[in-house]
Amino acid sequence: MHGYDEPVYLISVVAKALDIHPQTLRQYEREGLVTPSRTSGKMRLYSQRDIDRINMILRLTRDLGVNLAGVDIILQFKDQIDNFEAEIEELKLKLSKYHNQGTIPPEKTLVTKKNIYEIILFGE
């Protein structure tokens, strides 16, 4: 079994599985929406993460009518949200550790507010 991020699928396999033309996948790569790995012979290899990202692109374009520029912005926001969520989880673990020790060091008590962006996607 392959890992989620392991590049194993050729462009022809991905195109057939998603029922799209290989040129569409090449266009998504040119637009910077997906970045498949390359073999030493320059063949594109897609991971399951890449395929899931392409599925999201297809849902946004086909089902919601978003153009590729809009898809790019949405994906950038999604990546940023994912990073924020990972940071929140890391901070929760640190906070839990401090609570278990019974004290939070004074240099760690400053709380600042960051700007928050909300994205609402309809459909699934």
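The values are calculated or read from the model by the stated rules, or taken from the named source; none is laboratory data. Because the structure is a prediction, the values reported are computed rather than measured. Note that each Cβ is placed from the backbone with ideal geometry, even for glycine, and that neighbours are counted across all protein chains shown.
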If we scan the range 2-17, do we find a residue that is part of a loop (DSSP other than H, G, I, E, B), on the phi < 0 side of the Ramachandran plot and surrounded by 15 or more Cβ atoms within 10 Å (Cβ to Cβ)?
yes
Those residues that are crowded, with 17+ Cβ neighbours inside 10 Å and either at positive phi or charged (D, E, K, R) (or both), I need them from the range 48-67; list them, please.
ASP50, ARG53
Selected residue (criterion: modelled with the lowest pLDDT) from residues of the range 97-108 that are surrounded by 10 or more Cβ atoms within 10 Å (Cβ to Cβ) and not in a loop (DSSP other than H, G, I, E, B)
LYS108
Out of (1) of a type outside the set (Phe, Trp, Tyr); (2) surrounded by 14 or more Cβ atoms within 10 Å (Cβ to Cβ); (3) modelled with pLDDT under 95, the odd one out for ARG38 is which?
(2)
Which residues, counting only those in the range 1-47, are touching a Pro at 6+ places or on another chain (Cβ under 9 Å) and small (Gly, Ala, Ser)?
SER12, ALA15, SER37, SER47
Which of the residues spanning the range 6-40 are of a type in the set (Lys, Arg) and under 13 Å from ASP72 (Cα atoms)?
ARG30
When the residues of the range 68-88 are filtered to those that are β-branched (Val, Ile, Thr) and either surrounded by 11 or more Cβ atoms within 10 Å (Cβ to Cβ) or at pLDDT 95 or above (or both), which remaining residue is nearest to ARG26 (Cα to Cα)?
VAL71
Which condition number in (1) part of a loop (DSSP other than H, G, I, E, B); (2) closer than 14 Å to PRO7 by Cα; (3) of a type in the set (A, V, I, L, M, F, W, C) is the one that VAL66 fails?
(2)
For the range 35-47, name all the residues that are out of contact with any strand residue (DSSP E or B) (no Cβ under 8 Å at 6 or more places or on another chain) and on the phi < 0 side of the Ramachandran plot.
THR35, SER40, GLY41
State whether one or more residues within the range 41-49 are over 18 Å from the mean Cα position of the chain (by Cα) and closer than 22 Å to LEU75 by Cα.
yes
Tell me which residues, restricted to the range 18-48, are under 16 Å from THR61 (Cβ atoms), in a loop (DSSP other than H, G, I, E, B) and free of Cβ contacts under 8 Å to residues at least 40 places away in the same chain.
ASP19, ILE20, HIS21, VAL34
